[in-house]
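Please read the structure below before turning to the comments.
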Amino acid sequence: MTQNLDPSSTARTTPDDRRDRFATLTFERDVAAPLSVLWQAWTAPAARAVWAAPSPSVTVEFLEADTRVGGREISLCKIEGEPDIRCECGWLALQPGVRSVNYEVVSSGGVTQSAALVTAELSGTDKRSRLVVTVQLSSLAQDMEAGYRQGFDAGLNNLAGVAKRTMVLQRVIQAPRTAVWNSWMNPETLPQWWGPEGFSCRTKRIDLRAGGEWVFDMIAPDGTVFPNHHLYNEVRPEERIGYTLYWGENGPKHADAWASFEDQDGATEVTLGMVFSTAAEFQEAKGFGAVELGLQTLGKLERFVASR
């Protein structure tokens, strides 16, 4: 992954023998987050974008992201004064909560720098989890081992931190994926069911397209108003949406979020994920019952779809 390659640490020498050109690297992390959350943080494009850059001096731009077998992820790793590094990642195997395998090709200035096979193995419980990543690296134009070691170490440290402030909610809705998607991504129907039991929505603006936004107030049963602003950055019809949550229009960022929709023999598994901006916000959200309230929201979605 480009996000795990630190260009500032890449050696500038050309490998001149087999020992220099090939390396097998192993990285291990124990993560204070449930296995289901670690899997989402590892694979969901919206989450990967949060922990992407190995250091503050590096910017990662995602050009394409399709996390499914046969899909690929293309990103540019940018650092001031250095040429952009392009990474193409292709997903070869995805076993949720167990294993992922992908190839990775890194290039710069039109020259392929390296190719690698990346295998991630996950295990754990609903409390803690473990990630073991094995990289089988072939350096082509220059010795990439040092860069990979430093980059993966930094990236996985970021991942462990992100997983600890990620919330994942899932529900299987007994309705076709098209029906669930159409109830979610419809400006007329979304405000009708969004929010926990007893809450209602008052929309100011709504445009459910990539680059669009939803500016609205959530109104609690006691009349308390909670300003919200969702900014949509990705819309893949009937598959996935990615968006950023703000505390009201022009308010501070609250979380990076995504929703995915997977067919399950005519039913639809909906996954709603949120990476909170800070660990403190995550703990505060858990404290006021965000998990339970979020599951209520997905329950309202199921009832709404069934009613139609």
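Kindly indicate whether any position in segment 213-228 is touching a Lys or Arg at 6+ places or on another chain (Cβ under 8 Å) and among the small types (Gly, Ala, Ser).
Within segment 213-228, not a single residue is touching a Lys or Arg at 6+ places or on another chain (Cβ under 8 Å) and among the small types (Gly, Ala, Ser).
Residue by residue through segment 208-232, note down the ones that are under 20 Å from the mean Cα position of the chain (by Cα) and over 30 Å from GLN174 (Cβ atoms).
GLY211, GLU213, HIS229, LEU231
Taking the conditions exactly as written (open to solvent by 60 Å² or more (accessible area, probe 1.4 Å) and within 23 Å of VAL291 (Cα to Cα)), does ARG149 satisfy them or not?
Working: open to solvent by 60 Å² or more (accessible area, probe 1.4 Å): yes; within 23 Å of VAL291 (Cα to Cα): no.
No.
Which residue is farthest from MET167 (Cα to Cα), if the candidates are limited to segment 83-98 and must be part of a strand (DSSP E or B) and open to solvent by less than 70 Å² (accessible area, probe 1.4 Å)?
ILE85
When you check VAL98 against the structure, is it over 17 Å from GLY71 (Cα atoms), under 18 Å from the mean Cα position of the chain (by Cα) and at pLDDT 95 or above, yes or no?
Against the criterion (over 17 Å from GLY71 (Cα atoms), under 18 Å from the mean Cα position of the chain (by Cα) and at pLDDT 95 or above), VAL98 qualifies.
Residue-wise test of (1) more than 24 Å from VAL60 (Cβ to Cβ); (2) open to solvent by 10 Å² or more (accessible area, probe 1.4 Å); (3) not small (Gly, Ala, Ser).
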{"site": "ASN157", "(1), (2), (3)": "no, yes, yes"}
{"site": "ALA179", "(1), (2), (3)": "yes, yes, no"}
{"site": "PRO187", "(1), (2), (3)": "yes, yes, yes"}
{"site": "TRP193", "(1), (2), (3)": "yes, no, yes"}
{"site": "PHE216", "(1), (2), (3)": "yes, no, yes"}
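In segment 22-43, what residues are open to solvent by 80 Å² or more (accessible area, probe 1.4 Å) and under 28 Å from GLN142 (Cα atoms)?
Residues satisfying the conditions are PHE22, THR24, GLU28.
Could you tell me how many of the residues in segment 53-77 are open to solvent by less than 60 Å² (accessible area, probe 1.4 Å), modelled with pLDDT of 95 or more and over 16 Å from the mean Cα position of the chain (by Cα)?
1
Could you tell me whether any residue of segment 288-304 is touching a Ser or Thr at 6+ places or on another chain (Cβ under 7 Å), open to solvent by less than 20 Å² (accessible area, probe 1.4 Å), under 21 Å from ALA65 (Cβ atoms) and modelled with pLDDT of 95 or more?
No, there is no match, as no residue in segment 288-304 is touching a Ser or Thr at 6+ places or on another chain (Cβ under 7 Å), open to solvent by less than 20 Å² (accessible area, probe 1.4 Å), under 21 Å from ALA65 (Cβ atoms) and modelled with pLDDT of 95 or more.
With GLY151, GLY161, GLY155 as the choices, which residue is out of contact with any strand residue (DSSP E or B) (no Cβ under 6 Å at 6 or more places or on another chain), in a helix (DSSP H, G or I) and within 19 Å of MET274 (Cβ to Cβ)?
GLY161
In the list GLU104, GLU80, which residue meets the criterion of being open to solvent by less than 70 Å² (accessible area, probe 1.4 Å) and charged (D, E, K, R)?
After applying the criteria, what remains is GLU104.
Could you list, in sequence order, the residues of segment 218-245 that are aromatic (Phe, Trp, Tyr) and open to solvent by less than 60 Å² (accessible area, probe 1.4 Å)?
Within segment 218-245, the first condition is being aromatic (Phe, Trp, Tyr), and the residues that meet it are 226, 232, 243.
Within segment 218-245, TYR232, TYR243 qualify.
List the residue pairs whose Cβ atoms are under 7 Å apart, where the first residue sits in segment 181-206 and is under 12 Å from LYS300 (Cα atoms) and in a loop (DSSP other than H, G, I, E, B), the second is aliphatic (A, V, I, L, M) and open to solvent by 20 Å² or more (accessible area, probe 1.4 Å), and the two are 6 or more positions apart or on different chains.
So the pair list comes out as GLY195/MET218; PRO196/LEU293; PHE199/MET218; PHE199/ILE219.
The values are calculated or read from the model by the stated rules, or taken from the named source; none is laboratory data. Note that this is a predicted model, so its numbers are computed, not measured. A quick note on method: Cβ atoms are made from the backbone with ideal geometry, for glycine too, and the neighbour counts reach across all protein chains shown. Ligands, DNA and RNA are stripped out before the accessible areas are found, and what is left, the full protein with its side chains, is counted by its heavy atoms. Shrake-Rupley method; radii C 1.70, N 1.55, O 1.52, S 1.80 Å.
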